[in-house]
1. Collect the residues in segment 21-41 that are of a type in the set (A, V, I, L, M) and out of contact with any strand residue (DSSP E or B) (no Cβ under 6 Å at 6 or more places or on another chain), keeping them in residue-number order.
2. Mind counting the residues in segment 110-130 that are away from the ligand (no atom under 16 Å from the Cβ), in a loop (DSSP other than H, G, I, E, B) and either surrounded by 13 or more Cβ atoms within 10 Å (Cβ to Cβ) or among the aliphatic types (A, V, I, L, M) (or both)?
3. Quick check, is I239 under 21 Å from the mean Cα position of the chain (by Cα), crowded, with 17+ Cβ neighbours inside 10 Å and within 18 Å of L201 (Cβ to Cβ)?
4. Tell me, yes or no, whether segment 264-276 has at least one residue that is within 15 Å of the ligand (Cβ to nearest atom) and touching a Phe, Trp or Tyr at 6+ places or on another chain (Cβ under 8 Å).
5. Would you mind finding the one in L248, L265 that is closer than 16 Å to R319 by Cα, in contact (Cβ under 8 Å) with a residue 24 or more places away in the chain and not in a loop (DSSP other than H, G, I, E, B)?
6. Considering only segment 159-209, state which residues are more than 12 Å from the ligand (Cβ to nearest atom), out of contact with any Phe, Trp or Tyr (no Cβ under 7 Å at 6 or more places or on another chain), within 12 Å of A68 (Cβ to Cβ) and polar (S, T, N, Q).
7. Filter segment 302-316 down to the residues that are in contact (Cβ under 8 Å) with a residue 40 or more places away in the chain and among the hydrophobic types (A, V, I, L, M, F, W, C), then identify the one that is farthest from G112 (Cα to Cα).
8. Just give me the residues in segment 25-60 being within 16 Å of the ligand (Cβ to nearest atom) and farther than 15 Å from V191 by Cβ, in sequence order.
Amino acid sequence: MNQIIDLRSDTVTKPTPAMREAMAKAEVGDDVYGEDPTVNLLEQTAAEMLGKEAGMFVPSGTMGNLIAQITHCGRGQEVIMGAQSHTFYYEVGGASVVGSLIFHTVEEDRLGQISPEQVAHAIRGVNIHFPVTGLLCLENTHNRAGGTVTDIAHTKALCDLAHSNNVKTHLDGARVFNAATYLGCKVNQLVAEFDSVQFCLSKGLGAPVGSLLVGKQDFIQQARQFRKMLGGGMRQAGILAAAGLIALTEMSKRLEEDHQAARRLAEGLNLVPGLAVDMETVQTNMVFVDTTDSGRNGNDWTNLLRENGVLINAVGPNRLRFVTHFDLDRTDIEAALTTVVKLAR
Ligand SMILES: *Cc1c(COP(=O)(O)O)cnc(C)c1O
């Protein structure tokens, strides 16, 4: 058996040699006192790249999204988000548990988008019976829709609508650099309308740990207190931030390679009898495959592929997810395809 080909997620990458070296040499201090120079540099660099006033390093995307929600909103307020969004689906209801916020979900379309009409309908009017709408939370790229991208014009329409109703806006931009790469724009253009943005260094960008939350100075200052409350105040975190800086400034430039690999994989998988790929959703580094006509369900495929050295995730009864990343090269993609073809019946 050859080496395992791991297509489960873009979080499975190992730090690059350059990251390891930077981590070993990182200048550090106690970041709870604001004295870690490497963390400070990472936060400044992130804020600059995203066009925001300030940034804060957090251990995970989940914590970044949670802090954003509870900083923007007070107890009993509503957060509008997609019914398939990561914040609703995969974050253990954190903002509801910790912040006593209410999730107001709206159904995304096939490409992970919600419409201005849906947002307008979801925003509460003034009425003694209603909770107050505090925040609109969007996701770009949209994970459960297949890594799909919302463009600048659509983003602006949704944010303008929220702001004109006194509602704040947050972007769950775990993979926002993939979205900007797909659109061929700078990431600051894509996030310009948002009051806050969370993005992950540990997804396609290859850092071992960490995310950033960026926004206005006073927002980040308040967010720091919530980070401490949640146990996210780290000490010599510059060791992690050193890898994060390379992820942010270097690895963010190579994502088109992952997108090309995903397209190649999608085209190949779509030709396998019984498997179907909605090619319109293959925009970034993910491929979702419908197994309905293959005679096997998602778990059957996942187990069978694992026995044959290919790791993937089932994300629904008949739905597989393949994710490309920088630890896989062209040969790995072709080998994974060959394995699927061999196993199809
Ligand atoms: C992974 C992910 C997160 C959370 O990031 P973690 O670092 O795993 O907590 C948030 N949003 C989206 C869209 C994600 O894919």
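1. A22, M23, A24, A26, V28, V32, L41
2. 5
3. Criteria not met by I239.
4. no
5. One residue alone meets the criteria, L265.
6. Selection gives nothing.
7. Per the criteria, the residue is V310.
8. L42, M56, F57, V58, P59, S60
The values are calculated or read from the model by the stated rules, or taken from the named source; none is laboratory data. Note that the structure is a prediction, hence the values are computed from the model and not measured. Note that we place each Cβ from the backbone using ideal geometry, even for glycine, and neighbour counts take in every protein chain shown.
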